[in-house]
1. Tally time: how many residues in the range A:122-161 are more than 20 Å from residue A:31 (Cβ to Cβ) and not aromatic (Phe, Trp, Tyr)?
2. Quick check on my filter: what residues within the range A:27-58 are under 30 Å from residue A:136 (Cα atoms), touching a strand residue (DSSP E or B) at 6+ places or on another chain (Cβ under 9 Å) and within 7 Å of another protein chain (Cβ to nearest Cβ)?
3. Among the residues of the range B:44-69, how many are among the charged types (D, E, K, R) and either closer than 19 Å to residue A:55 by Cβ or part of a loop (DSSP other than H, G, I, E, B) (or both)?
4. What about residue B:7, is it farther than 16 Å from residue B:309 by Cα, small (Gly, Ala, Ser) and within 12 Å of chain A (Cβ to nearest Cβ)?
5. Restricting to helices (runs of 4 or more DSSP H) lying wholly in the range B:233-345: which have 1 or more residues that are assigned by TED's automatic domain parsing to the domain that holds residue B:159 and aromatic (Phe, Trp, Tyr)?
6. May I ask you to list the residues in the range B:308-339 that are surrounded by fewer than 21 Cβ atoms within 10 Å (Cβ to Cβ) and at pLDDT below 95?
7. Is it true that residue B:233 is over 24 Å from residue B:315 (Cβ atoms) and either surrounded by 20 or more Cβ atoms within 10 Å (Cβ to Cβ) or touching a residue at least 60 places away in the same chain (Cβ under 8 Å) (or both)?
8. Criterion first (assigned to a strand (DSSP E or B) and without any contact (Cβ under 8 Å) to a residue 40 or more places away in the chain) does residue B:109 satisfy it?
Amino acid sequence: MSEADGIMRLRQPISVTYNWSAGPNATSHLNGLLDGTLVGKRCPGCSLVYFPPRNGVCPKCARILGDDVVVGPRGTITTFCVVNVPFLGQKIKLPYVAAQILLDGADISMQHLIQECEAADVRIGMRVEPVWKDRSEWGPSLENIAHFRPTGEPDRDMGVEAGAS
Amino acid sequence: MARRDVAIVATAQRPNEVGSTLTSVELILPVINDVIAKVGIERQKIGFWCHGSCDYMSGQPFSFVAAVDAIGAWPPIVESHVEGDGALALYEAWVKIQTGECDVALVFSNGKTTSGPIDRILNLQADPYMVTPLWPGFDSLAALQARACLDAGVLSEADMAEVAARSYRDALNNPIAYAKENVTAEQLLARPYTTAPLRAHDCGVPVDGANAIILAAGDAARSLAERPAWIRGIDHRIDTQRLGARSMTESSSAAIAAAKAGVGDDRIDIAELHAPYTHQEILLRRAMNLGEGTHVNPSGGALVSNPAMAAGLARFAEAAESVFSGSADRVLAHCTSGPMLQQNLVCVMEGE
């Protein structure tokens with residue numbers, strides 16, 4: 001009760017609990033993560049390999065995805081962003097790099113962190129590999145991977161002109 | 001501008017179930033592919049896609065965007081989404097065709113109703129202001145409405161049980177209906193109240209479902225279906241959201257929508273009414289002046305399977321199918337939305 005204006009104020013916390021289902025197609029992907037394996041799905045129509053398998057369907061062909069395909073663990077940076085701006089809830093020391101990584105054998109890229117190198121050294125075509133957290137911290141999540149780091153292999157030609165990155 | 005003749009030319013529905021482990025996208029995709037296969041049309045000929053669903057039901061903002069994955073949106077398409085029942089998306093598609101921007105539209109809807117407490121979820125979705133902090137669920141509000149009707153002598157508990165018994169028996173002939181039982185009103189009246197004066201049979205059974213419909217104009221419709229279900233009138237009316245300012249014993253918005261859609265111009269063979277509660281079917285029949293000659297909800301209606309956000313479009317699918325098969329010539333499809341019949345969409349369709 002506010003004494004100043006006599007207006008009664010109530011706090012009414014409300015919540016809703018859902019039984020969220022990952023669906024059969026994403027389930028093999030999530031089970032793979034529990035096991036340290038990167039499992040994507042192949043579209044029976046266009047043969048593209050989706051990692052992660054989105055909602056279990058190929059958005060291009062409108063077909064339910066088919067076979068499991070183990071991808072990675074290494075991949076190539078297709079694009080990236082150097083984060084210099086602090087924001088609420090930030091957990092990682094600035095500056096850091098968020099990158100799109102095309103895992104070997106996959107046809108769509110996924111986003112993850114690049115660490116263990118200078119932000120200025122990160123480039124399109126750079127080869128990277130996952131660094132897994134301690135197994136005791138694993139769940140059905142891509143967060144099992146703490147970050148990706150450079151492998152030191154030669155860059156992959158991504159069809160980008162020199163200097164464009 | 002002259003109104004274009006628009007018809008439903010194909011429908012597809014998933015069998016209703018409880019506790020589906022599919023994602024919404026996995027739920028939708030097969031029905032979309034089904035309805036397209038039924039008319040054998042190329043995807044590129046579909047000029048407009050319109051989706052009805054509710055993000056609160058998946059607990060994920062903008063989850064409807066994922067549904068575009070089920071469409072096969074390549075090359076790019078023209079699409080829209082309605083945060084509501086698929087029947088309202090059908091209305092949008094009908095308007096789109098009226099503008100002349102397209103001749104063929106595909107409408108679809110989905111509801112994973114059993115993945116959360118739907119009574120609470122719909123209240124949070126539809127009413128963040130008017131009855132806070134009481135948060136009355138749809139069942140509670142419907143029970144208040146039923147009580148008002150009983151007290152006013154508008155209907156009796158036996159009338160309500162008759163509606164349920166007929167629906168449960170009719171559902172025996174509907175392969176995709178969820179609840180079905182060869183039961184009499186007397187047997188139902190012996191069962192306990194769940195939210196007095198409502199018993200379990202008075203409340204639509206929440207299920208997971210998805211459906212899709214193809215609309216087409218003029219010659220396009222004639223080329224896609226042997227006997228299209230031509231939309232002769234369609235109208236959407238809304239009562240005030242102030243529950244205390246509404247009459248609980250009648251549905252004025254349903255009456256206006258029915259009159260505007262031309263329900264009374266001729267006999268109605270079959271009326272598929274979206275009545276999630278037994279007493280609401282009685283109020284709707286009365287508001288639309290539906291008499292003995294009209295078979296109400298031969299599918300079993302939303303009482304036997306109520307996939308939220310898809311149950312209204314399911315009524316359109318069922319009504320249109322009865323025209324396709326020739327079992328009816330002039331049919332009515334209805335969709336409600338919000339608590340206590342707040343919104344009412346009424347459509348009259350005819351075969352040629």
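The values are calculated or read from the model by the stated rules, or taken from the named source; none is laboratory data. None of the values given here were measured: they were computed from a predicted structure. Because the Cβ atoms are built from the backbone with ideal geometry, glycine has one as well, and the counts that use them run over all protein chains shown.
1. Going through the range A:122-161 one residue at a time, the tally reaches 24.
2. Result: A:54, A:56.
3. Going through the range B:44-69 one residue at a time, the tally reaches 2.
4. No.
5. The qualifying helices (runs of 4 or more DSSP H) are B:311-324.
6. The one that is surrounded by fewer than 21 Cβ atoms within 10 Å (Cβ to Cβ) and at pLDDT below 95: B:338.
7. No.
8. Spelling it out, it is not the case that residue B:109 is assigned to a strand (DSSP E or B) and without any contact (Cβ under 8 Å) to a residue 40 or more places away in the chain.
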